[in-house]
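Following: one structure in structure tokens, then a few remarks.
Values quoted throughout were computed directly from the atomic coordinates according to the rules given, and no laboratory measurement underlies them. Everything quoted here is computed from the prediction, not taken from an experiment. Counting neighbours? That spans all protein chains shown, and the Cβs are built from the backbone with ideal geometry, glycine included.
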Amino acid sequence: MGMQSFEVSDGKAGPYAIAAGPDGALWFTLVHAGEIGRLAADGTVDRYPVGQASGPSGIAVGPDGALWFTLMRESAIGRIGPDGRVRRFDLPPGAGSPFGIAAGPDGALWFTELDTDRIGRITVDGEVTEFPLPVTGGYPSMITAGPDGALWFTLNQANAVGRIAVDGGIAVHPLPTGGAAPVGIAAGPDGALWFVEIGAGAIGRITVDGRVTEYPLPDRAARPHAITADRERGRLWFTEWAADRIGSIGPDGRIEEYELPTPSSEPHGIAVGPDGAVYAALEIGEILRLEPLEPLEPLEPLEPLEPLEP
């Protein structure tokens, strides 16, 4: 495993989420500095202000080839083109704090509202629709497009994973482990959805018909935070925020873990770059590039997790 670090800010700016852009660069949010960053293939870093108190959080590539991001502290959605031009779309009065965001199969962006139990949808022209969830205090967090044409999202405080169809139909699937507190979620290469359980120290898998399997991490206190699919290698990669590690898991539940070179680096967002390497946003002000060796060493599959009480 080769590792390389790129300094993109000081330790107070807070690199948080990261996405591979259509321009061959990595784009990331600087949640504390109120900026969007771009890391080019040659290591050049550009930063674009979007509002110092705005709290940019999630980021995703839109159907229009731009990067779309949530402004958690100002109840707005932002858009930045490859040329660095920024547009802002304020959410309707009463909307909550947008957090996770993903492109849907309907040509729109879908996002979560942390504190109002809603899922939002915004077109590339800025038209917003909101869908109330059948839970109270669920804290919808991350969201991703599923293989079934719907959007799937985590409910951090409701201990569940939700599904919303493009027509607004909603289903909620409770998790078997109490206090799992799911956060990141991604569509896996096996046709299922994979998510991280920050409270339980486990990786979860849910099929499109709602069947859940959970795999414990070797370190149950690692607090996994974000997850992304690596279709070329047939695996998923995730960050272990409290343990300064990057991990990967295969569809059979086999886990590989890699120690980061800097203590207390606090890895958050993770993405597979256009070059096939894995990139992680470190809150200390760095983007870490990991180049996995091929093939990964074989490991014995882990047994699924038995349901646990928190």
With DSSP loop assignment and no more than 13 other C-beta atoms within 10 Å, the trypsin sites (Lys or Arg not before Pro) in region 64-140 are Arg85
If every Lys and Arg gets +1 and every Asp and Glu gets -1 at its Cβ, then about the Cα centre the chain yields a dipole, in debye to the nearest 20, of 640
Expressed in Å to one decimal, the Kirkwood Rh of region 114-180 from all distinct alpha-carbon pairs is 12.3
GluC sites (Glu not before Pro) in region 104-142 lying in a DSSP loop, each with at most 11 other Cβ atoms within 10 Å of its Cβ, come to Glu127
By the C-alpha gyration tensor axes a ≥ b ≥ c (rounded if a/c is under 1.5, else prolate when a/b exceeds b/c, else oblate), the shape of region 32-118 is oblate
Taking the square root of 5λ for each eigenvalue of the C-alpha gyration tensor of region 196-302, the equivalent ellipsoid has semi-axes, largest first and in whole angstrom, of 21, 17, 13
Length gained if Ser264 through Val208 is fully extended, taking 0.36 nm per residue and subtracting the Cα-Cα distance, is 16.5 nm
Per the charge dipole of the chain (beta-carbon charges, Lys/Arg positive, Asp/Glu negative, Cα centre), the residue among Trp152, Pro15, Val128 reaching farthest to the positive end is Val128
The Rg/Rh figure for region 76-219, Cα atoms and Kirkwood Rh, to two decimals is 0.98
Taking the dipole of the chain about the Cα centre (Lys, Arg +1; Asp, Glu -1; charges at Cβ), the one of Phe69, Pro251, Ala280 that reaches farthest to the positive side is Phe69
Descending packing, highest mean Cβ count within 10 Å first, for 214-224, 181-191 is 181-191, 214-224
Arg87 and Asp42 label points (each 7 Å along its Cα→Cβ direction) are spaced in nm at 3.0
The Cα extents of region 210-263 along the principal axes, largest first and rounded to whole Å, are 36, 25, 16
Taking 0.36 nm per residue of separation between Glu291 and Ala53 and subtracting their Cα-Cα distance, the length gained on full extension comes to 82.2 nm
Unit-weight point scatterers at every alpha-carbon of the chain, Debye formula, q = 0.08, 0.12, 0.14, 0.16 1/Å: log10 I(q)/I(0) is -0.30, -0.72, -1.01, -1.35
One finds the C-alpha centres of region 180-249 and region 2-32 to be spaced, in Å, by 21
